[in-house]
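*Asks:* Here it is, the structure, as structure tokens.
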Amino acid sequence: MQSYDLIVIGSGPAGQRAAIQGSKSGKRVVVVERREVLGGNCINTGTIPSKTLREAVMHLSGYMYQSIYGMNYRVKEKISMSDLSFRVQHVIKTEADVTQAQLTRNNVDIMFGTASFTGPTTIKVTGTRGITEIEAPHVVIATGTRPADSAKVPLNGTTIINSDQVLQMPEIPKSLIVVGGGVIGVEYTCMFATLGVRVVLVEKRPRLLEFADSEMVEALSYHLRDHRVTMRLNEEVESVEENAAGGVVANLMSKKKIVGDALLYAVGRQGNVDEMNLACAGIEADNRGRILVDGDFHTRQPNIFAVGDVIGFPSLASVSMEQGRIAAARAFNIPAYSNPANYPYGIYTIPEISFIGKTEEQLTDEDVPYEVGVAYYREIARGQIRGDTTGRLKIIFHRETRLILGIHIIGEGASELLHIGQAVFILGGTVDYFVETVFNYPTLAECYKAAAFNGLNKLARLQ
Ligand SMILES: Cc1cc2nc3c(=O)[nH]c(=O)nc-3n(C[C@H](O)[C@H](O)[C@H](O)COP(=O)(O)OP(=O)(O)OC[C@H]3O[C@@H](n4cnc5c(N)ncnc54)[C@H](O)[C@@H]3O)c2cc1C
């Protein structure tokens, strides 16, 4: 039996950061990973492939420059799946190498195989070379999730796929049905629509991206329609079948039938807990495979922590990293703080949406007196230079205290731009900061100043 101070199960962002924090605290750490490569879903099937695919789509389709050179502007006339895949595979390989080097540099042992508990402090690792037993007083579970299956949707890996299988499609379909109006479904809808694919998006709720500000979602919906996306909201899929022509038919509960060359099923994720023998450690998961934890990521067994997607919301790589870091710090009583109530969101639709803080709907429900300042990219020199004349930035602030309550952006670079506002928001700043600050010119950051003036002018008119 090999002994460690900390065993981390899973090498995604949550596991990596837990391991690095453990080793930086001077502890002996091992990461167990059941895949043959490190990096988890984040690097291999989720965040990194999808964001690289988006970048390839944006570049090859010429999207960024079409408002300047015309709708027919293209970098490559006929874009193939292998064009897109080429760039994705390159980035995946590089990122996996970087992860391995980082863990090795920090003296973290790496063990490939599937981990399962034999007791609260003992784990069996089953790999291609047999079984290894390891033990540690502290364990971090960071096993992530996988796309949820549905008996209604018979995946075949090529024309009926889930989000892990997008790059397995032999060619870019002419038409695509996307089931699921959450982040993953909407991001892929945007990418394929930008490539010229006719997309039908089916969502059972009345709106897309329910947690985002409705003004931003409406702006996105306008773009989607402009790119010939048909949105079927309040609609649910009853069954999916292949047709004789090699296409796919989605039968909706409302008796509508939608035909496409392919279907992407992007509804829900299931926690990876089945192989873990959790009962042996005295832990259990719910029916979606999520492990319940307290605010410090302890499971019911105080020496076992769970972090990342396997504990559910918000299921973001960015947040998973923080959770991993905090859990390992708690295990070894190292002081560490994170602001769990105020994480930013980056949604890589086309155009991007990013936000932090409350939405207008939430503040209205809570009867908070607020005012809004909006700036449009088209009013800012950088917006014209970049050719993004549709973006906008909205600051929501308290009408009396002028404290920032929320920042919402749609447009190119939104997820980067947000971090300026995030700093002011988290540090308890007011809208006046943006008025009193000089921003580089020409930058999109100037939107903050324009939005602040817009909001404060509205306040002035109230007096
Ligand atoms: C299409 C898509 C796009 C996304 N885009 C973004 C984005 O833009 N921004 C963002 O912040 N987040 C994004 N996410 C979410 C992000 O990928 C996840 O939040 C993140 O990967 C979760 O990290 P994790 O460490 O919890 O788990 P994972 O990354 O899922 O890693 C878990 C690892 O544990 C391993 N494992 C499982 N069981 C065992 C076992 N028994 N023994 C050993 N190893 C095991 C798995 O093989 C896997 O490698 C996206 C997700 C998807 C699917």
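*Asks:* Step by step: first the residues of segment 293-326, then only those that are assigned to a helix (DSSP H, G or I) and either among the charged types (D, E, K, R) or more than 14 Å from the ligand (Cβ to nearest atom) (or both), then the one that is surrounded by the most Cβ atoms within 10 Å (Cβ to Cβ). Which residue is that?
*Replies:* Taking the candidates together, the pick is 309.
*Asks:* May I pose another question? Given 456, 418, 363, 405, which one is touching a strand residue (DSSP E or B) at 6+ places or on another chain (Cβ under 8 Å) and assigned to a strand (DSSP E or B)?
*Replies:* Only one candidate passes the filter, namely 405.
*Asks:* Condition first: open to solvent by less than 50 Å² (accessible area, probe 1.4 Å), touching a residue at least 40 places away in the same chain (Cβ under 8 Å) and closer than 19 Å to residue 299 by Cβ. Now tell me which residues in segment 327-347 satisfy that.
*Replies:* 327, 328, 329, 331, 332, 336
*Asks:* Within segment 386-393, is even one residue in a helix (DSSP H, G or I) and at pLDDT below 95?
*Replies:* So far as segment 386-393 goes, yes, one or more of its residues are in a helix (DSSP H, G or I) and at pLDDT below 95.
*Asks:* Look at segment 125-146 and say how many of its residues are within 11 Å of the ligand (Cβ to nearest atom) and crowded, with 18+ Cβ neighbours inside 10 Å.
*Replies:* 8
*Asks:* Being among the acidic types (Asp, Glu) and within 20 Å of the chain's Cα centre (by Cα) is the filter; apply it to segment 147-173 and report the residue that is least open to solvent (accessible area, probe 1.4 Å).
*Replies:* Only one residue fits best here, namely 164.
*Asks:* Just checking, does segment 252-266 include any residue being within 16 Å of the ligand (Cβ to nearest atom), part of a loop (DSSP other than H, G, I, E, B) and in contact with a strand residue (DSSP E or B) (Cβ under 8 Å, 6 or more places away or on another chain)?
*Replies:* Yes, that holds for at least one residue.
*Asks:* Out of (1) open to solvent by 20 Å² or more (accessible area, probe 1.4 Å); (2) within 15 Å of the ligand (Cβ to nearest atom); (3) assigned to a loop (DSSP other than H, G, I, E, B), the odd one out for residue 270 is which?
*Replies:* It fails just one condition, (3).
*Asks:* Please count how many residues of segment 422-463 are buried (at least 20 other Cβ atoms within 10 Å of the Cβ) and farther than 19 Å from residue 371 by Cα.
*Replies:* The number of residues fulfilling the criteria is 3.
*Asks:* Among the listed residues 62, 113, identify the single one that is without any contact (Cβ under 8 Å) to a residue 40 or more places away in the chain and open to solvent by less than 30 Å² (accessible area, probe 1.4 Å).
*Replies:* Exactly one of 62, 113 is without any contact (Cβ under 8 Å) to a residue 40 or more places away in the chain and open to solvent by less than 30 Å² (accessible area, probe 1.4 Å), namely 62.
The values are calculated or read from the model by the stated rules, or taken from the named source; none is laboratory data. This is a predicted model, so every value here is computed, not measured. Cβ coordinates were reconstructed from backbone atoms using ideal geometry, including for glycine residues, and neighbour counts include every protein chain displayed. Areas reflect the complete protein model, heavy atoms only, side chains present, ligands, DNA and RNA absent. Shrake-Rupley method; radii C 1.70, N 1.55, O 1.52, S 1.80 Å.
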